[in-house]
Amino acid sequence: MNDALILRDIARTFRSGEESLTILRGANLTLRAGEIVALVAPSGTGKSTLLHIAGLLENPDAGAIIVTGQSTVGLDDAARTRLRRDTIGFVYQFHHLLGEFTALENVVLPQMLATRPRAGAIARATELLATLGLAQRLSHLPGKLSGGEKQRVAIARALANAPRILLADEPTGNLDATTAAAVFDQLLGVVRTQGVAALIATHNPDLAARMDRQVTLREGTLHPA
């Protein structure tokens, strides 16, 4: 398999006045194309920080991030933004949909920002939403959708630009157990169908067990779970 994402010796310390808190100290991870990896660790251990760094949303204090073979060391903000837009999709615990736009429009918009023609963007959004069981909800505003439906729209939005990498931070953590299981089924299905490499943070051991492998954060470094 090709390597979709490599994190090499990632370090991150947060400072407040004279106090400092080291979150990551030499964290290493290789995520291969098509591989789904669970990131399982207690709250406060740095899972979100690791995902933000992997997704080029935050800079590490030290270490290297290699995205689909391209080192991000030395890239300016514009280049990082382009690489993130074209290569990485994000799903968060809360859906963060735009309330004034329909489900379809929420999935079309990121494609338009990536300069995809409108007709193609609509076709892609319609296909993704139908795959996630939302063919009858395309014209619904988020306020008219259930929690599970909103999260499925968020998943479709994350995959809209056909990313090579999907990063998800507790994507079902805000749902009840039954809905979470159903949404996760669809997430796994569409990720595997699209051949995306995925790193998914979760507290749910049953969901983690369904992924290809598990890693955990201990004292700022990554280990097999």
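The values are calculated or read from the model by the stated rules, or taken from the named source; none is laboratory data. None of the values given here were measured: they were computed from a predicted structure. We place every Cβ from the backbone using ideal geometry, glycine too, and count neighbours over all the protein chains shown. Ligands, DNA and RNA are excluded from the accessible area calculation, which covers all protein heavy atoms including side chains. Shrake-Rupley method; radii C 1.70, N 1.55, O 1.52, S 1.80 Å.
When we screen I88, I53 for residues that are within 15 Å of A158 (Cα to Cα) and under 18 Å from the mean Cα position of the chain (by Cα), the only hit is I88. Taken over segment 172-206, the criterion of being touching a strand residue (DSSP E or B) at 6+ places or on another chain (Cβ under 8 Å), within 18 Å of T45 (Cβ to Cβ) and of a type outside the set (S, T, Y) is satisfied by L199, I200, A201. Filter segment 91-122 for residues that are touching a residue at least 24 places away in the same chain (Cβ under 8 Å) and of a type in the set (S, T, Y); which is farthest from A158 (Cα to Cα)? So the residue we want is T102.
Take the residues in segment 151-166 that are without any contact (Cβ under 8 Å) to a residue 60 or more places away in the chain and of a type in the set (G, A, S), then tell me which one is farthest from V91 (Cα to Cα). If we take residues in segment 151-166 being without any contact (Cβ under 8 Å) to a residue 60 or more places away in the chain and of a type in the set (G, A, S), then A162 is farthest from V91 (Cα to Cα). For segment 167-200, the tally of residues that are acidic (D, E) and without any contact (Cβ under 8 Å) to a residue 40 or more places away in the chain stands at 2.
Residues of segment 103-125 that are basic (K, R) and open to solvent by 60 Å² or more (accessible area, probe 1.4 Å): R116, R118. Does E100 satisfy the condition of being open to solvent by 50 Å² or more (accessible area, probe 1.4 Å), assigned to a loop (DSSP other than H, G, I, E, B) and among the charged types (D, E, K, R)? So E100 passes the test.
Residue pairs whose Cβ atoms lie under 7 Å apart, separated by 6 or more positions or on different chains, with the first residue in segment 11-32 and in contact (Cβ under 8 Å) with a residue 24 or more places away in the chain and the second polar (S, T, N, Q) and open to solvent by 40 Å² or more (accessible area, probe 1.4 Å), are T13/S20; T13/T22; R32/N2.
Note on segment 99-110: among residues that are in contact with a helix residue (DSSP H, G or I) (Cβ under 6 Å, 6 or more places away or on another chain) and at pLDDT 95 or above, the one that is farthest from N161 (Cα to Cα) is A103.
Identification of strands (runs of 3 or more DSSP E) wholly contained in segment 1-78 with 1 or more residues that are acidic (D, E) and farther than 17 Å from I200 by Cβ yields 3-16, 19-32.
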